[in-house]
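Undergrad: Take a look at this one; I'll ask things after.
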Amino acid sequence: MNKQFRFRFAALALAMSAGVAQADSAVIDNSFYPYQAEKPAFAGLSAGLTINKANVAQFKDIIDPAFYGFIEKGWLDMQVGETTSFDLHPNYVEATRQGQDKVKLGAKPGEIEGWVAGRPFPQEPDANDPRAGEKLAWNYKYGYNWGDSAAISPFYWKYRDMDSAKVERTIKFDFHFLNFTGRVNQQPLPAITPNPSQLFRGIYVKVLEPYDVRNTQLLIHRAEDDLKRDNSWLYLGFQRRVRRLATGQVTDAFLGSDLMIEDFEGYNGRISDMNWSYKGTKFLLMPFYNHNDLTLDSETHKDSDGYQVVAFAGQGGCFPNITWQLRKVYEVESAPVEGSHPLSKRVHYVDAQTFTVPRTISYDRKGSLWKTFTIGQAHPDHHLAKNKGSGVSIDDSFSMIDVQAMHCTTGQFKGQVDPAMSKPEMFSVQHMRATGN
């Protein structure tokens, strides 16, 4: 190889390398910063607008079908807010960059190779890829929802009759979340050791009030291997004993609410339990807002530090009184593998920037609309001081509506990204026994 050819070859290789680097950077920017170049727009839509029964038809293309039906019936008015960027923590973005193009799916659903931390598949989904929906599901599972660990303390659930607006029951919880692996921000990094059960994530729930269910506790262990079934335990205060939950119980009504354990956070189960289908990318109005800018609930649950939870309004008091942003969304359908499941499918509207699941529509075995789930997302920099800079899209309100029963369960959060509140030793059966007595 002569000197001139070697020079040209080296220049070409350098140019190709630069091109690949630019392409990789563009993939990351598109995935994590979709609004930096241009914000989405729709004819007639602007921040401050109220969408109601009179004008909702004009905006049918940017409202999911279940919520469109609610507004059309006059069940609520929707307040439009400005589209803003919910930047995830830079360490999570960097972990994605480091793992880019190193992650791939295994031979069957539930198998993945090469993932260490970050978003496993930051590339735009391809409609021609039969496993595109599955990749989006992995992005959700390995997302930065609650970061490495966090707590909702306190967490108020209200059971409501939609016709009478009567609040039938209020339960006060503490919820705790902990990632054992894939950690990018809170020490220890990148994993908690020892981890003999090879866990990916834990969820621990404790009931504080009322007296008849006080000290009821739920513990969920999710394995790193998605093909392994979750281990779940329930501690019933009045029985003073821990019992393991059977697999089918995660689809029962949790403490008489409108939620299944499998509904938590939008979907709380294994990738391998569902068949996943990518249905398209669109712009929809989604429940994203600044908590501190809202008109909050000043009458109930005011905390000692002055924190106020989101207020509820609309039909039966079943709708969070929040603002909605026009955002980039992936529509993903999950259909249970097991025919005994009470649902025929869920349609998830996944936020493309945060990979939270703020809207889910569930259909019964006959294919009829059954439930619709809203999880309000608050910007961490406009929330509690301890959440500022956390890069966590804060779950801040929820509403699960059973349209067939005309009943709802609503949630009011005090989400706290604070590692001291969710220590590893809390996520054990021994802890349940010790705190239950």
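Undergrad: Which one is surrounded by the most Cβ atoms within 10 Å (Cβ to Cβ) among residues in segment 265-299 that are hydroxyl-bearing (Ser, Thr, Tyr) and out of contact with any strand residue (DSSP E or B) (no Cβ under 8 Å at 6 or more places or on another chain)?
TA: Ranking the qualifying residues of segment 265-299, first place goes to 272.
Undergrad: Would you check if residue 354 is touching a residue at least 12 places away in the same chain (Cβ under 8 Å), part of a strand (DSSP E or B) and crowded, with 22+ Cβ neighbours inside 10 Å?
TA: Spelling it out, it is not the case that residue 354 is touching a residue at least 12 places away in the same chain (Cβ under 8 Å), part of a strand (DSSP E or B) and crowded, with 22+ Cβ neighbours inside 10 Å.
Matching residues to (1) surrounded by fewer than 17 Cβ atoms within 10 Å (Cβ to Cβ); (2) touching a residue at least 12 places away in the same chain (Cβ under 8 Å); (3) aromatic (Phe, Trp, Tyr):
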| site | (1), (2), (3) |
| --- | --- |
| 73 | yes, yes, no |
| 83 | no, yes, no |
| 88 | no, yes, no |
| 94 | yes, yes, no |
| 98 | yes, yes, no |
| 111 | yes, yes, no |
| 115 | no, yes, yes |
| 122 | no, yes, no |
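Undergrad: Could you please give the count of residues in segment 143-172 that are in contact with a Gly (Cβ under 6 Å, 6 or more places away or on another chain) and surrounded by 21 or more Cβ atoms within 10 Å (Cβ to Cβ)?
TA: Total meeting the criteria: 3.
Undergrad: Being surrounded by fewer than 16 Cβ atoms within 10 Å (Cβ to Cβ) and among the basic types (Lys, Arg) is the filter; apply it to segment 410-437 and report the residue that is farthest from residue 154 (Cα to Cα).
TA: That would be 433.
Undergrad: Taking segment 25-54 only, how many residues are under 29 Å from residue 123 (Cα atoms), among the aliphatic types (A, V, I, L, M) and not in a loop (DSSP other than H, G, I, E, B)?
TA: 3
Undergrad: Please determine whether any residue of segment 309-328 is surrounded by fewer than 20 Cβ atoms within 10 Å (Cβ to Cβ), part of a loop (DSSP other than H, G, I, E, B) and in contact with a His (Cβ under 9 Å, 6 or more places away or on another chain).
TA: Within segment 309-328 (the criterion being surrounded by fewer than 20 Cβ atoms within 10 Å (Cβ to Cβ), part of a loop (DSSP other than H, G, I, E, B) and in contact with a His (Cβ under 9 Å, 6 or more places away or on another chain)), the answer is no, since none of the residues qualifies.
Undergrad: Might you let me know whether segment 379-402 holds any residue that is closer than 19 Å to residue 65 by Cα, touching a helix residue (DSSP H, G or I) at 6+ places or on another chain (Cβ under 9 Å) and in the same structural domain as residue 196 (by TED's automatic domain parsing)?
TA: yes
Undergrad: How many of the residues making up segment 254-281 are under 17 Å from the mean Cα position of the chain (by Cα) and in a helix (DSSP H, G or I)?
TA: Total satisfying the criteria: 7.
Undergrad: Name the single residue that is farthest from the chain's Cα centre (by Cα) among those in segment 362-398 being closer than 27 Å to residue 153 by Cα and of a type in the set (A, V, I, L, M).
TA: Only one residue tops the list, namely 385.
Undergrad: While we're here: Among the numbered criteria (1) in contact with a strand residue (DSSP E or B) (Cβ under 9 Å, 6 or more places away or on another chain); (2) part of a loop (DSSP other than H, G, I, E, B); (3) not charged (D, E, K, R), which one does residue 66 miss?
TA: Against the list (1) in contact with a strand residue (DSSP E or B) (Cβ under 9 Å, 6 or more places away or on another chain); (2) part of a loop (DSSP other than H, G, I, E, B); (3) not charged (D, E, K, R), residue 66 comes up short only on (2).
Undergrad: Consider residue 304 against the criteria (1) of a type outside the set (A, V, I, L, M); (2) more than 22 Å from residue 270 (Cα to Cα); (3) without any contact (Cβ under 8 Å) to a residue 24 or more places away in the chain; (4) not in a loop (DSSP other than H, G, I, E, B): it satisfies all of them except one. Which criterion is unmet?
TA: Of (1) of a type outside the set (A, V, I, L, M); (2) more than 22 Å from residue 270 (Cα to Cα); (3) without any contact (Cβ under 8 Å) to a residue 24 or more places away in the chain; (4) not in a loop (DSSP other than H, G, I, E, B), only one is false for residue 304: (4).
Undergrad: Considering only segment 238-253, state which residues are part of a helix (DSSP H, G or I) and surrounded by fewer than 17 Cβ atoms within 10 Å (Cβ to Cβ).
TA: Residues satisfying the conditions are 247, 248, 249.
Undergrad: Could I ask something else about it? All but one of (1) of a type in the set (Val, Ile, Thr); (2) assigned to a helix (DSSP H, G or I); (3) surrounded by fewer than 13 Cβ atoms within 10 Å (Cβ to Cβ) hold for residue 193, so report the exception by its number.
TA: It is condition (2) that residue 193 fails.
Undergrad: Still on this model: Report every pair of residues separated by at least 6 positions or lying on different chains whose Cβ atoms are under 7 Å apart, first residue within segment 255-271 and within 15 Å of residue 155 (Cβ to Cβ), second of a type in the set (Lys, Arg).
TA: Listed by first residue and then by second, the contacts come to nothing, as the list is empty.
Undergrad: Right, something else. State which residue is farthest from residue 156 (Cα to Cα) when the search covers only segment 196-237 and only residues that are in a strand (DSSP E or B) and among the polar types (S, T, N, Q).
TA: Selected residue: 231.
Undergrad: crowded, with 22+ Cβ neighbours inside 10 Å and among the polar types (S, T, N, Q): which single residue out of 185, 128, 215, 179 fits that description?
TA: Going through 185, 128, 215, 179 in turn, just one is crowded, with 22+ Cβ neighbours inside 10 Å and among the polar types (S, T, N, Q): 179.
The values are calculated or read from the model by the stated rules, or taken from the named source; none is laboratory data. Keep in mind the model is a prediction, meaning the values are calculated, not measured. Please note: Cβ atoms are built from the backbone with ideal geometry, for glycine as well, and neighbour counts cover all protein chains shown.
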